[in-house]
Amino acid sequence: MTQNNTRYAAYTGLFTTLIIIGAFIKIPVPVIPFTLQFLFVALAGLLLGPKYGSLSVALYAALGLAGLPVFTSGGGITYVLFPTFGYIIGFIVCAFAAGLISSKLKPSTKNYFIAAFSGLIILHIIGIPYYYIISKYVIDLNLTFKEIFLFCFVYTVPADFLLCIAAARIAFKLKPFINKENKDDETN
């Protein structure tokens with residue numbers, strides 16, 4: 001394993017840990033708890049790129065499905081029957097998309113925001129229908145799609161918008177250091 005791969009393996013583990021910690025920093029709101037997971041998922045994509053960013057989230061999901069209580073309400077394979085599990089699937093795609101989009105754009109806070117916000121939209125495109133399907137057909141929760149959209153998207157977007165701004169600013173400040181380390185590895 002090259003030094004660069006070793007470094008990214010360490011970063012991947014670090015972001016998996018940050019996502020776990022983010023799951024337990026909660027602000028209680030109806031339906032979907034507001035956590036800092038999205039911030040760390042977006043940062044994983046922005047800083048590590050699509051491959052390692054999504055890998056860090058996939059490891060988080062695998063740990064939870066294996067039974068470790070790393071999700072906001074526990075863990076285990078039955079967690080796939082929780083309405084919010086669609087967001088965990090969405091986190092993986094979100095990190096990949098944010099990493100891919102940011103890698104195609106010139107580094108700037110604005111472009112990192114665009115990448116993070118794009119990941120957020122993808123997250124909701126996956127999470128909301130999953131929430132609806134599990135709520136309606138598995139746990140028999142009598143919510144309409146409109147109500148779920150209201151609780152899961154409309155109510156959460158202002159805070160998520162701020163997390164996109166925070167992720168973009170943090171990524172813009174940290175990305176040069178990650179890139180510098182990678183260039184140093186290549187010259188050694």
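The values are calculated or read from the model by the stated rules, or taken from the named source; none is laboratory data. These numbers come from a predicted model, not from an experiment. Note: ideal-geometry Cβ built from the backbone for every residue, glycine included; neighbour counts use all protein chains shown. Keep in mind that these areas ignore ligands, DNA and RNA; they rest on the heavy atoms of the full protein, side chains included. Shrake-Rupley method; radii C 1.70, N 1.55, O 1.52, S 1.80 Å.
Against the test of being buried (at least 21 other Cβ atoms within 10 Å of the Cβ) and within 20 Å of Phe34 (Cα to Cα), the options Tyr79, Tyr131, Tyr112 yield a single qualifying residue, Tyr131.
What are the residues in segment 34-69 that are surrounded by 24 or more Cβ atoms within 10 Å (Cβ to Cβ) and of a type in the set (Val, Ile, Thr), if any? The answer is Val41, Val57.
For segment 13-68, a residue qualifies if it is touching a Ser or Thr at 6+ places or on another chain (Cβ under 8 Å), small (Gly, Ala, Ser) and on the phi < 0 side of the Ramachandran plot, and the qualifying residues are Gly13, Gly22, Ala23, Ala44, Gly45, Ser56.
When segment 134-173 is filtered for residues that are within 22 Å of Tyr79 (Cα to Cα), touching a residue at least 40 places away in the same chain (Cβ under 8 Å) and assigned to a helix (DSSP H, G or I), the ones remaining, listed by number, are Ile134, Ser135, Ile148, Phe151, Cys152. Scanning segment 115-127 for residues that are open to solvent by 10 Å² or more (accessible area, probe 1.4 Å) and over 13 Å from Cys164 (Cβ atoms) gives Ile125, Ile126.
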